[in-house]
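**Student:** The following block contains the structure, expressed as structure tokens.
The values are calculated or read from the model by the stated rules, or taken from the named source; none is laboratory data. Every value quoted in this text rests on a predicted model; they were computed, and no experiment measured them. Cβ placement follows ideal geometry from the backbone for every residue including glycine, while neighbour counts extend to all protein chains displayed. Quick note on the areas: whole protein, heavy atoms, side chains included, nothing else; ligands and nucleic acids left out. Shrake-Rupley method; radii C 1.70, N 1.55, O 1.52, S 1.80 Å.
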Amino acid sequence: MHPLSTALTLPLQTVAATRRLEQQAAAALPAHTLMQRAGLAAARLALALAPHAQQIWIACGPGNNGGDGLEAALQLHQWGKTVTVTWLGERGERAGKLPADARASLQRARAAGVCFADAPPPDFDFAIDALLGIGATPRPGDGSAEVLRMARWMQLLRGSSTPVLALDIPSGLDADTGVDFAPEFIAGSACPERAGARFCLSFLTLKPGLFTAAGRDLAGQVWWDDLGVAPPAGMAPDAWLAGQDRAGTTGRSQARHSSHKGSFGDVAVVGGESAATTHMAGAALLASRAALHAGAGRVFVALLGSPSLAVDPQQPELMFRSPDALDLSGQVVVCGCGGGDAVAAVLPRILSRATALVLDADGLNAVATDTSLQALLRARAAKGWRTVLSPHPLEAARLLGISTVAVQGDRLNAAMRLAARSQCVVVLKGSGTVIASPDVIPVINPTGNARLATAGTGDVLAGMLGANLASGLPAFEAACGAVFRHGRLADNWPDGQTLTASRLAEHHQADLQQQQQHQR
């Protein structure tokens, strides 16, 4: 059992795959072994997280997740801790329908003298959430006493200012998608900002839903225990959780002495429309500065509309060109940042000639409404050209012709569908950014935080993606690395300093230096 580290990429398994592994292990082990191992692991972690806890509340549901909680209660009770169990499976329609392992755990806990109560203790200072496990979806509308009690306990767990350890998955979270279905049951905020520390101990496998959509907020710090069960040979992951090994580096300390600026590739940023009522040059400049600081050898800026800028005083290394003057076949093009309506006119040429392309923002919106541009986009793959799309959920929804709610309802599936439809690498931004490519196992990125929720940070990512492509990386690897480092910049941001997009673009070199020192 160990806390997750971002050092190495880790496999993620869906509920279906986890169920198959669980069934195979249960058939090969003595009865009740897996549940006892899970309970022991949970008790050990609870003791490590809260060694001085005086009153531990364990909320147990009517299934095997509740059985894990009962085993944890038994262990903690035997170790001298004061434990109170609220047991949802004691009454109601589920009475007498307990799974065999959970029934055995209930009997063991009662025989050992574990305290059971109808309500949580008023003074608990640590809680274990064993209400709902993977795949559990109660019916909120039946009005049963069981569901009402579950709703009360779930709300108390969510809003508690004391630390909470969730077993396998936080109750109310979909293990595959990261969708939080608790708002169907409980009033108020389903994920209060002032809640206490949150932990999750995932059993057997790591689940994708812990790391995307609502998963990161609800799970908090994730721990993993395989319960001594090794996956069978040939068990492929359903997704990967990106690690430092996917980040790569664009640092030049190891580059050849004979290198020159052409050795690190050219990036051309096309966007930043200036019109009568809108001036979006800032978006293009942010992407351009980010590309430069991320390691591109030369960066060109091609502003659209009626630009008034011919130089960036804060970054005079940037070279301004008209869109028609760009060498599209020899440059990585980053298109769409602040492109406005004007970007549609330059897209046919860019899609038809740029051998490496990052398409973002207004470039994506233009493609979403034009079938001819969609055809040009799909045709790029057959030519072996590298293309990365970097939509946020609304842009992805437009490209797929569905709602934003549908995209967020299954981010992995949405990213894979868009990758297959466009035949491009897709970076679906958001909490737990998803990187997908046709016929490739998708990657969920674990870095980043709410500091990135400010204007322009997406433009910075587009520039970083362009720099990675300019270094010669394949599109999928370039995307994984740029997204990981973009999030890591926010994770390592100095306390007390506000993250802005312009500072983020320039902070990249400091991050590279820090990582290189760490590697030494």
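**Student:** Hey, what angle do you get for helix 508-519 against the long axis of the chain, alpha-carbon based, 0 to 90 degrees rounded to 10?
**Tutor:** 50
**Student:** Just for the chain, what percent of DSSP beta bridges are antiparallel, to the closest 5? Could you put the intermediate results ahead of the total?
**Tutor:** Details: 13 of 63 bridges.
Expressed as a percentage, antiparallel bridges in the chain total about 20.
**Student:** Can you list the residues of the range 21-56 with backbone N under 12 Å from a point 7 Å past the Cα of ALA197, pointing along Cα to Cβ?
**Tutor:** 46-53
**Student:** Nearest 500 deg cm²/dmol is fine: what mean residue ellipticity at 222 nm does the chain get from its DSSP H runs of n ≥ 4 alone, each adding -39,500 (n - 2.57), divided by its residue count? Write out the running numbers ahead of the final one.
**Tutor:** Values: 17 runs with 197 residues, N = 520.
So the helix-based figure for the chain works out to -11500 deg cm²/dmol.
**Student:** Given the whole protein assembly as supplied and a 1.4 Å probe, what does the accessible area of ASP370 come to in Å², nearest 10?
**Tutor:** 50
**Student:** Angle check, please: helix 371-382 long axis (alpha carbons) against the longest principal axis of the chain (alpha carbons), in degrees 0 to 90, nearest 10.
**Tutor:** For 371-382 against the chain, the angle is about 80 degrees.
**Student:** Across the range 42-57, in residue order, what do the Karplus-derived ³J(HN,Hα) couplings come to in whole Hz, using 6.51 cos²θ - 1.76 cosθ + 1.60 with θ = phi - 60° and x for Gly and Pro?
**Tutor:** My calculation for the range 42-57 gives 5, 5, 4, 5, 4, 5, 6, 6, 9, x, 9, 4, 8, 9, 10, 9 Hz in order.
**Student:** Report the Cα centroid-to-centroid distance between the range 369-395 and the range 314-356 in angstrom, as an integer.
**Tutor:** The two parts, judged by their Cα centres, are 15 Å apart.
**Student:** Averaged per residue, what accessible area in Å² does the chain show with a 1.4 Å probe, protein chains only? Spell out each step's value before the answer.
**Tutor:** On the way: 21390 Å² over 520 residues.
Per-residue value: 41 Å².
**Student:** Name the residues whose placed amide hydrogens come within less than 5 Å of the amide hydrogen of ALA268, ignoring near sequence neighbours (fewer than 5 apart) on the same chain.
**Tutor:** Residues meeting the amide H criterion: PHE300, VAL332, VAL333, VAL334.
**Student:** Counting only protein chains, not ligands or nucleic acids, how are ARG20, ARG386, ARG417 ordered by accessible area (probe 1.4 Å), most first? List each step's numbers first, then the result.
**Tutor:** Details: ARG20 130, ARG386 65, ARG417 100 Å².
The ranking, largest first, comes out as ARG20, ARG417, ARG386.
**Student:** May I have the pair-distance distribution P(r) for the range 19-77, computed from all Cα-Cα distances with 5 Å bins from 0 and rounded to whole percent?
**Tutor:** 4, 18, 25, 23, 15, 9, 5, 2
**Student:** Where the only charges are on Cβ atoms (+1 Lys, Arg; -1 Asp, Glu), what is the dipole of the chain about its Cα centre, to the nearest 20 debye? Working shown, then result.
**Tutor:** Values: 42 positive and 42 negative charges, 150 e Å.
So the magnitude is around 720 debye.
**Student:** Applying 1/(1 + (r/R0)^6) with R0 = 45 Å to the Cβ-Cβ distance of THR82 and ARG20, what FRET efficiency is obtained, to the nearest 0.05?
**Tutor:** Working: r = 39 Å, r/R0 = 0.86.
That gives a FRET efficiency of 0.70.
**Student:** A follow-up question, please. Two decimals is fine: what's Rg over Rh for the range 380-517, C-alpha atoms, Kirkwood radius as Rh? Write out the running numbers ahead of the final one.
**Tutor:** Details: Rg = 15.0 Å, Rh = 15.4 Å.
Across the range 380-517, the Cα-based Rg/Rh ratio is 0.97.
**Student:** Could you tally the net charge around THR33, taking each other residue with its Cβ under 14 Å from the Cβ of THR33, Lys/Arg +1 and Asp/Glu -1? Don't skip to the answer; put the middle values down first.
**Tutor:** Working: positive: ARG37, ARG108; negative: GLU22, ASP68, GLU71, ASP101, ASP225, ASP226.
That sum, taken over residues with Cβ under 14 Å, equals -4.
**Student:** Could you give the angle, 0 to 90 degrees to the nearest 10, between helix 100-112's Cα long axis and the longest principal axis of the Cα atoms of the chain?
**Tutor:** 60
**Student:** To the nearest Å, what is the center-to-center distance of the range 267-288 and the range 421-449, using C-alpha atoms only?
**Tutor:** So the separation of the two Cα centres works out to 25 Å.
**Student:** For the chain, with the dipole built from +1 on Lys and Arg beta-carbon atoms and -1 on Asp and Glu ones, taken about the Cα centre, which of MET464, LEU88, ALA281 lies farthest toward the positive end?
**Tutor:** Farthest along the dipole direction, towards plus: MET464.
**Student:** For PHE181, PHE116, PHE126, give me the order by solvent-accessible area with a 1.4 Å probe, most accessible first, ignoring ligands, DNA and RNA. If you can, show how the numbers build up before the last one.
**Tutor:** Values: PHE181 25, PHE116 65, PHE126 0 Å².
Solvent-accessible surface, decreasing: PHE116, PHE181, PHE126.
**Student:** Would you mind checking which residues have amide H under 5 Å from GLY305's amide H? H placed 1.01 Å from N; only 5 or more apart, or other chain.
**Tutor:** Here SER274 satisfy the definition.
**Student:** Could you compute how fast the chain diffuses translationally, taking Rh as the Kirkwood radius over C-alpha pairs and applying Stokes-Einstein at 37 °C with viscosity 0.692 mPa s? Give it in µm² per second. Spell out each step's value before the answer.
**Tutor:** On the way: Rh = 24.7 Å.
D = 133 µm²/s.
**Student:** At a 1.4 Å probe radius, carbon and sulfur cover how many percent of the accessible area of the chain?
**Tutor:** Details: 11130 of 21390 Å².
Of the solvent-accessible surface of the chain, carbon and sulfur hold 52 percent.
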